[in-house]
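Take a look at the structure set out below.
None of the figures in this text is laboratory data; all of them are computed from the coordinates on show. In this text the structure is predicted, and so the values were computed from the model without any measurement. Heads up, the Cβs are rebuilt from the backbone with ideal geometry, glycines too, and the neighbour counts pull from every protein chain shown.
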Amino acid sequence: MNQNYDTDVIIIGAGPSGTVSACLLRKAGYKVLVLEKSVFPRFVIGESLLPQCLITLEQAGCLSAVEQAGFQQKVGATFQHRGHYEKIIFAEKFSDGPSYAYHVERSQFDQILADCATEAGAEIRFNCTVTNVKNMFDDCVIDYTDGKGQKQQAKARFILDASGYGRVLPRLLKIDKPSSLEPKASLFTHVEDGIVAGEHAREETLITTHPIHRDLWFWLISFSNGRSSVGVVGSPELIQPYQQQGIEGLKTIISEDPELSKILRHAQFDTQDYQINAYSGSVSQMYGDGYAVLGNAGEFLDPIFSSGVTVAMQSSKLAVASLEKMLKGQPVDWQAEFVDALMIGVSTFKTYVNNWYSGGLQDVIFARSQPYNVKSKIASILAGYAWDRENPFVAKPVERLNALIQICQE
């Protein structure tokens, strides 16, 4: 074994999957270096957590800090189409576990997790851009440029890529590949929402489908400080004309839905617009000699069910558990214990994403009646418990959901 390394594990990225991994590794006694391209605090999307996240945050030792931050508690989601409202309340879920989560401004949330990682003993270097990598277990080398433009190098036993949309290792190792999902475009911002009390439940994410285009939808995620995140997602051909107009385009498309425009009629659009196109992605392999790819860097689906942070944290937990065995010299099956285990939930979420855009899941959500006890099982998945194999809609997501769609459509 090559003993000439600076740290046990280098983590690329200080988002939730990176900092949670750092905290878990520090609890196990390993030395950790995190390289982050940006400077915190910074704006990033993915602001609606799911209850499943709280389990991982507690295991990582971060939950107390998050709960003390004063974030808006989230108890479920409301779906709206042409004035028809349907609620999914997490407390009615089938699976065990927390029944609430939080709406978080990611600039604050990510800083809290980074502080937790630092307090646990991890070193985080911000403003560092990874330029090259040598991946070989016990002999990994990363070249990067620091905030002063100086070339640096760090050596480790293993690398975890938590770079999110940056997808550092997928690009450098040429394991990046297109997602199987249809490309989507998005346009979003933060507003001083001016929402009148009683017109919108701030503790619920509001998902609005366009009155004409059912595959185009809006999110409204309200924070505890009178501000909200609002955005729209749809096919590029529908969204791009609005993107070209920036904030005015977002205001225009919001005005096309009477219910949402009423809720936001007093909103002050005081922040720049943001746009992300063709955001879904995948990789040809999620692990290899000396590395593993986490969260959005490996598999990002779609923001419709706020699964991004949940999948990211779950990937961290599974990868660190496998990595601990490897660092101790114990046998580990990365395919079974990391990839296959992670894909249980990813495949479940992907089934629901596909059926949302095809309209089938919308028919289920807005159905006047559903088979007995189905709603609790759907609520569990939308609460992030997409790895609970006791839930028949997780054990056989495609078959069960297709059957339910057929019943509701009939």
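Starting from the amide H of Ile124, placed 1.01 Å from N in the peptide plane, find each other amide H under 5 Å away whose residue is 5 or more places distant or on another chain.
So Ile124 has HN proximity to Val34.
How far, in nm, would the chain grow between Glu237 and Lys27 when pulled straight, counting 0.36 nm per residue and subtracting the alpha carbon separation? Display every interim value, and only then the final one.
On the way: separation 210, 0.36 × 210 = 75.60 nm, distance 4.77 nm.
Here the segment from Glu237 to Lys27 would lengthen by 70.8 nm.
If the stretch 185-277 were replaced by its equivalent ellipsoid, with semi-axes equal to the square roots of 5 times the Cα gyration tensor eigenvalues, what would those be, largest first, whole Å? Provide the component values of the computation, followed by the final result.
Working: eigenvalues 84, 41, 25 Å².
Equivalent-ellipsoid dimensions as semi-axes: 20, 14, 11 Å.
Read phi for every residue in the stretch 268-277 and hand back ³J(HN,Hα) as whole Hz from Karplus 6.51 cos²θ - 1.76 cosθ + 1.60, θ = phi - 60°, with x for Gly and Pro.
Working through the residues one at a time gives 9, 7, 9, 10, 4, 7, 10, 9, 10, 10 Hz.
Pop out the ³J(HN,Hα) list for the stretch 42-58 in order, Karplus 6.51 cos²θ - 1.76 cosθ + 1.60 with θ = phi - 60°, rounded to Hz; leave Gly and Pro as x.
9, 6, 7, 8, x, 9, 10, 7, 10, x, 3, 4, 5, 5, 5, 4, 5
In debye, nearest 20: dipole of the stretch 244-369 around its Cα centre with unit charges on the Cβ of K, R (+) and D, E (-)? Write down the numbers at each step before the final one.
Details: 8 positive and 14 negative charges, 52 e Å.
Computed about the Cα centre, the dipole is about 240 debye.
Taking a spot 7 Å from the Cα of Ala69 along the direction of its beta carbon, which residues of the stretch 115-142 have an amide N less than 12 Å from it?
115-117
Given labels modelled 7 Å from the Cα in the Cβ direction, how far is it in nm from Ile276 to Val196?
For Ile276 paired with Val196, the spin-label model returns 3.3 nm.
Express in whole angstrom the spacing between the alpha-carbon centres of the stretch 68-142 and the stretch 353-396.
So the two Cα centres are separated by 23 Å.
When the gyration tensor of the chain is built from Cα positions, what are the square roots of 5 times its three eigenvalues, in whole Å, from largest to smallest? Intermediate results must be reported in sequence, preceding the final value.
Working: eigenvalues 254, 116, 76 Å².
Value: 36, 24, 19 Å, ordered largest first.
Pick out, from Pro178, Val66, Tyr242, the residue whose Cα sits farthest towards the positive end of the charge dipole of the chain, with +1 on the Cβ of Lys and Arg and -1 on the Cβ of Asp and Glu.
Pro178
Students often get this wrong, so check it: of Lys93/Lys377; Lys31/Lys155; Lys375/Lys396; Lys27/Lys74; Lys184/Lys350, which have C-alpha atoms separated by over 18 Å? Walk me through the numbers on the way to the answer.
Working: Lys93/Lys377 6 Å; Lys31/Lys155 12 Å; Lys375/Lys396 16 Å; Lys27/Lys74 29 Å; Lys184/Lys350 14 Å.
Too far apart for the 18 Å limit: Lys27/Lys74.
Taking only Cα atoms and a 10 Å spring cutoff, compute GNM fluctuations for the chain and point out the largest among Ile212, Ile159, Ile221.
Result for the chain, Cα springs under 10 Å: Ile212 fluctuates most.
Sticking with the crude label model, points 7 Å out along Cα→Cβ, report the distance from Val39 to Asp115 in nm, one decimal please.
Placing both labels 7 Å beyond Cα along the Cβ direction yields 2.0 nm.
Along the charge dipole of the chain, Cβ charges K/R +1 and D/E -1, which of Phe94, Ile142, Leu361 sits furthest on the positive end?
Most positive-ward Cα: Ile142.
If packing is taken as the mean number of other Cβ atoms within 10 Å per residue, what is the order of 75-82, 325-332, highest first? Before the final figure, lay out each step's value.
Working: 75-82: 19.2, 325-332: 12.4.
By packing density, highest mean first, the sequence is 75-82, 325-332.
In nm, what is the difference between 0.36 nm times the number of residues separating Gln153 and Asp6 and their Cα-Cα distance? Walk me through the numbers on the way to the answer.
Details: separation 147, 0.36 × 147 = 52.92 nm, distance 0.97 nm.
52.0 nm is the gain from fully extending Gln153 to Asp6.
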